[in-house]
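**Student:** First the structure, which I've put down as structure tokens, then a few questions once you've had a look.
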Amino acid sequence: MTRTLVHRGPDDEGFFRKRGVGLGFRRLSIIDPVHGHQPLVLPEGDFVLVGNGEIYNYRELAAELKGEGCCFETGSDMEVVLHLFAKMGSACFERLEGMFALCIVDMRDPLVPRVTLARDRLGIKPLFWARHRDRLWFASEPKALLASDQFPRALRGAALVEYLMRGFVGGPKSAWAGIERLEPGYFLEWSRRDAPQLKSWWTAPLNGPSPPAQEGEVLEYLDRAVSQRLVSDVPLGGFLSGGVDSAGVADAMGRAGGKPPELCTISFREGEFDEAELARISANRMGAQHHVAIQEPDPEAVVDHLPWHFDEPHADPSNLPTWMVCRMAREHVTVALSGDGGDEVFGGYRRYIHEAMEQRLRRRLGPLGVLAGCAGKLHPSLESPPAWLRGKTFLTHLGMSPARAAWDSAINASLPAALSLLNPRLGEELAQADPYASWAGHYNQPAASGPLYRTQFADLRTTLAEQLLVKVDRASMAVGLEVRVPFLDHRMVERFAPLPLEEKIKGGVGKLALRRALEARLDARVIAGVKRGFDIPVCAWLRGPLASHLTEHLAGLPPDWFDLGRVQTLVKEHLEGHRDHGLVLWTLLVFEAWRRRHDCEEIAL
């Protein structure tokens, strides 16, 4: 099981076996590389821990514990966690500032050890678990659990529908039958005398909006979060795109570290995807050591390397450049800071801007919004419509509830579109497997913060934790690189995610509070830059260097799962240039590569 995770921990391995407890660990050495070996056991043998991640305030906590008589054998942050848990139990998680996935075993009862699993607030570090044969199993990635040969390599049917709609699988159940995902901000307690008990220990704010940001406040929070994340006993650098998020983090790194940061950027030959010039502007302004690499099509990575590391199907096209920038960064550093999370916290996505426009107009139209929705359904639907015919989605959303409109903006395909790709018999059996209800459960949790914050809240629990952070974690750990995300400092999330709408979006521009705060630090061209995302030219690559892999893999889709006639029609139309089916074909290509790589031959209904 631990051999499947060598990429996550190439530096060391450790094992613990005692009284029915077996723990295995692979270590990427960051804090106290010499002495921070795991599993960690208290001298009395009462508690044992394995933990992935970093606790940024561990020195302050260690000083506090030393004042109370604790003695430490290492300089490891995880030894601090172990002592704190021995003192406070699960209440200690609220004291931890950082990213982590933990297993702590209370060995004081010689007959019935008690296990606690815990995951950080935002889900930056992964943790999967399962109950099987009166045992509790857990790991950072499902592939380690599958390596035990205790679990079937079977895909949940509902997970297939969610994947086709969203491009990833989320929620408390993993894509694999019988394997669960510990959700962000949760811990689990279990002993053989009891069933597993799941408890939430943190959530993003449920009330709001919060007061407008005061002058200098955003920079104060950002500088503190970045400074904390510079604690490292190994070389450290950062990622840099053309946007304000990564540039703001990189600038704060230079200010806190007292020297220009070492930064890595991915460039594209296709100009509409390339942000390298804006990145160079930021790097030159900071005097940074700047490394730039061009992203070329890489079929082997798409159909072999990435499907192994993403051991749940994950169709985000930016997986490839994320993996490449991590691989490049690992040549220079062991830890990298990224700008991920800025869009979710400050309101930066284009769909947020559209949602703000929709909700303003929806309030003005009142009951007439239903008529606008009817007009949207009658509006022509074209692949590449002229400007005067691009209002279909906008009009349709006006006739929906705010929750349905936000969901519709966030998914890649509707439920009917997803089901149309399946074998009709399977599609009929999965017709009720709509993930909307689960997403809406998150959307409806905040009490009075307005529709946009409800969407942000749902995104923090779903799209961020289950798509974006999974992408960053798997791509970075695939090459033994640790990535830290200052914008997801929980204090930043609590303070700025619920800001009033006018602090986030105005005049078609998002992240207003962050842009205003960084005006004095960043080049005006970067502040005013248009958000491009971090995508690849999927449509062109599938017609070019990936075309043979597309046809070969999609011809091998299981006929009991998919409507192969429908799929081949999409392939033919795309390759001949009649229609652009790039996203759905990419989703199917990634799925089949994943299925083959993990020997998944069964589907569990």
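The values are calculated or read from the model by the stated rules, or taken from the named source; none is laboratory data. This is a predicted model, so every value here is computed, not measured. Ideal geometry is used to build each Cβ from the backbone, glycine not excepted, and the neighbour counts take in all protein chains shown.
**Student:** Please indicate, with yes or no, whether at least one residue in the range 387-407 is surrounded by 13 or more Cβ atoms within 10 Å (Cβ to Cβ), at pLDDT 95 or above, hydrophobic (A, V, I, L, M, F, W, C) and part of a loop (DSSP other than H, G, I, E, B).
**Tutor:** The answer is no; no qualifying residue exists.
**Student:** For the range 562-601: of the residues being closer than 18 Å to Gly427 by Cβ and not in a helix (DSSP H, G or I), which is farthest from the chain's Cα centre (by Cα)?
**Tutor:** Applying the filter and picking the extreme gives Asp563.
**Student:** Sort out which residues of the range 114-156 are under 20 Å from Asp599 (Cα atoms) and surrounded by fewer than 18 Cβ atoms within 10 Å (Cβ to Cβ), and write them in order of number.
**Tutor:** Once the filter is applied, which keeps residues that are under 20 Å from Asp599 (Cα atoms) and surrounded by fewer than 18 Cβ atoms within 10 Å (Cβ to Cβ), the range 114-156 yields Ala147, Ser148, Asp149, Gln150, Phe151, Pro152, Arg153, Ala154.
**Student:** Which one of Ala524, Ala540, Ala604 is out of contact with any Phe, Trp or Tyr (no Cβ under 8 Å at 6 or more places or on another chain), without any contact (Cβ under 8 Å) to a residue 12 or more places away in the chain and surrounded by fewer than 19 Cβ atoms within 10 Å (Cβ to Cβ)?
**Tutor:** Answer to the check: Ala524.
**Student:** What are the residues in the range 472-503 that are in a loop (DSSP other than H, G, I, E, B) and touching a Phe, Trp or Tyr at 6+ places or on another chain (Cβ under 6 Å), if any?
**Tutor:** Within the range 472-503, just Pro498 meets the criteria.
**Student:** Under the condition of being surrounded by fewer than 23 Cβ atoms within 10 Å (Cβ to Cβ) and in contact with a Gly (Cβ under 9 Å, 6 or more places away or on another chain), which residue from the range 431-445 is nearest to Glu162 (Cα to Cα)?
**Tutor:** This residue is Pro435.
**Student:** What about Pro558, is it out of contact with any Asp or Glu (no Cβ under 6 Å at 6 or more places or on another chain), outside any helix (DSSP H, G or I) and under 28 Å from Ala433 (Cα atoms)?
**Tutor:** Yes; evaluated as a whole, the condition is true for this residue.
**Student:** Mind checking which helices (runs of 4 or more DSSP H) fall wholly inside the range 198-299 and carry at least 3 residues that are out of contact with any helix residue (DSSP H, G or I) (no Cβ under 9 Å at 6 or more places or on another chain) and of a type outside the set (Val, Ile, Thr)?
**Tutor:** It comes to 276-286.
Yes or no, residue by residue, for (1) within 25 Å of Phe128 (Cβ to Cβ); (2) touching a Phe, Trp or Tyr at 6+ places or on another chain (Cβ under 9 Å); (3) of a type in the set (Lys, Arg):
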{"position": "Arg17", "(1), (2), (3)": "yes, no, yes"}
{"position": "Val41", "(1), (2), (3)": "yes, yes, no"}
{"position": "Leu65", "(1), (2), (3)": "no, yes, no"}
{"position": "Met78", "(1), (2), (3)": "yes, yes, no"}
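**Student:** Kindly provide the set of residues from the range 425-470 that are in contact with a Lys or Arg (Cβ under 6 Å, 6 or more places away or on another chain) and part of a loop (DSSP other than H, G, I, E, B), ordered by number.
**Tutor:** Matches in the range 425-470: Pro446 only.
**Student:** Pull up the range 276-303, narrow it to residues that are under 19 Å from Arg327 (Cα atoms) and among the acidic types (Asp, Glu), then point me to the one that is modelled with the highest pLDDT.
**Tutor:** The qualifying residue modelled with the highest pLDDT is Glu300.
**Student:** Among the residues of the range 506-523, is there at least one that is in contact with a strand residue (DSSP E or B) (Cβ under 8 Å, 6 or more places away or on another chain), closer than 30 Å to Gly347 by Cβ and among the hydrophobic types (A, V, I, L, M, F, W, C)?
**Tutor:** Yes, the range 506-523 contains at least one residue that is in contact with a strand residue (DSSP E or B) (Cβ under 8 Å, 6 or more places away or on another chain), closer than 30 Å to Gly347 by Cβ and among the hydrophobic types (A, V, I, L, M, F, W, C).
**Student:** Here's another thing I want to ask about it. Got at least one residue in the range 120-127 being on the phi > 0 side of the Ramachandran plot, of a type in the set (Gly, Ala, Ser) and assigned to a helix (DSSP H, G or I)?
**Tutor:** No - not one qualifying residue is present in the range 120-127.
**Student:** Take the conditions at pLDDT 95 or above, outside any loop (DSSP other than H, G, I, E, B) and within 30 Å of Glu275 (Cβ to Cβ) and apply them to Ala540. Does it pass?
**Tutor:** So Ala540 fails the test.
**Student:** Find all pairs meeting these conditions: Cβ atoms under 7 angstrom apart; at least six residues apart or on different chains; first residue within the range 482-508 and without any contact (Cβ under 8 Å) to a residue 12 or more places away in the chain; second residue surrounded by 20 or more Cβ atoms within 10 Å (Cβ to Cβ) and of a type in the set (A, V, I, L, M).
**Tutor:** Lys506/Leu512
**Student:** Is the range 481-496 home to any residue that is closer than 21 Å to Glu358 by Cα and in contact with a strand residue (DSSP E or B) (Cβ under 8 Å, 6 or more places away or on another chain)? Break it down into steps so the answer makes sense when it comes.
**Tutor:** Taking the range 481-496 as the starting set, the residues that turn out to be closer than 21 Å to Glu358 by Cα are none.
Within the range 481-496, not a single residue is closer than 21 Å to Glu358 by Cα and in contact with a strand residue (DSSP E or B) (Cβ under 8 Å, 6 or more places away or on another chain).
**Student:** Something else: Kindly indicate the residue of the range 274-302 that is out of contact with any Phe, Trp or Tyr (no Cβ under 8 Å at 6 or more places or on another chain), in contact (Cβ under 8 Å) with a residue 60 or more places away in the chain and of a type outside the set (A, V, I, L, M, F, W, C) and also surrounded by the most Cβ atoms within 10 Å (Cβ to Cβ) among those meeting that condition.
**Tutor:** Ser282
**Student:** For the range 12-57, give me each residue that is of a type in the set (D, E, K, R) and touching a residue at least 40 places away in the same chain (Cβ under 8 Å).
**Tutor:** Lys18, Arg19, Asp32, Asp46, Glu54
**Student:** Moving on. Is the range 291-299 home to any residue that is among the small types (Gly, Ala, Ser) and within 22 Å of the chain's Cα centre (by Cα)?
**Tutor:** Step one: filter the range 291-299 for residues among the small types (Gly, Ala, Ser), giving 293.
In the following step, the residues that additionally are within 22 Å of the chain's Cα centre (by Cα) were identified as none.
No: the range 291-299 contains no residue that is among the small types (Gly, Ala, Ser) and within 22 Å of the chain's Cα centre (by Cα).
**Student:** So which of Ser200, Ser148 ends up being more than 30 Å from Glu502 (Cβ to Cβ) and either over 25 Å from the mean Cα position of the chain (by Cα) or modelled with pLDDT under 95 (or both)?
**Tutor:** Step by step, each of Ser200, Ser148 is checked, and only Ser148 is more than 30 Å from Glu502 (Cβ to Cβ) and either over 25 Å from the mean Cα position of the chain (by Cα) or modelled with pLDDT under 95 (or both).
**Student:** On to the next question. For the range 65-82, name all the residues that are part of a helix (DSSP H, G or I) and touching a helix residue (DSSP H, G or I) at 6+ places or on another chain (Cβ under 9 Å).
**Tutor:** Answer for the range 65-82, where residues must be part of a helix (DSSP H, G or I) and touching a helix residue (DSSP H, G or I) at 6+ places or on another chain (Cβ under 9 Å): Leu65, Asp77, Met78, Glu79, Val80, Val81.
**Student:** So, in the range 33-85, of the ones that are surrounded by 17 or more Cβ atoms within 10 Å (Cβ to Cβ) and hydroxyl-bearing (Ser, Thr, Tyr), which residue ends up nearest to Asp12 (Cα to Cα)?
**Tutor:** For the range 33-85, the residue satisfying everything is Ser76.
**Student:** Hey, Phe72 hits all of (1) farther than 30 Å from Asp149 by Cβ; (2) under 25 Å from the mean Cα position of the chain (by Cα); (3) among the aromatic types (Phe, Trp, Tyr) but one; which does it fall short on?
**Tutor:** Going through (1) farther than 30 Å from Asp149 by Cβ; (2) under 25 Å from the mean Cα position of the chain (by Cα); (3) among the aromatic types (Phe, Trp, Tyr) one by one, Phe72 breaks only (2).
**Student:** Applying the selection to the range 331-358, what residues are farther than 16 Å from Leu230 by Cα and surrounded by fewer than 20 Cβ atoms within 10 Å (Cβ to Cβ)?
**Tutor:** Glu331, Arg350, Arg351, His354, Met357
**Student:** Name the one entry in Val509, Val530, Val470 that is buried (at least 18 other Cβ atoms within 10 Å of the Cβ) and hydrophobic (A, V, I, L, M, F, W, C). Explain how you work it out, then say what you get.
**Tutor:** On the way: Val509 fails: buried (at least 18 other Cβ atoms within 10 Å of the Cβ); Val530 fails: buried (at least 18 other Cβ atoms within 10 Å of the Cβ).
Sole residue among the options that is buried (at least 18 other Cβ atoms within 10 Å of the Cβ) and hydrophobic (A, V, I, L, M, F, W, C): Val470.
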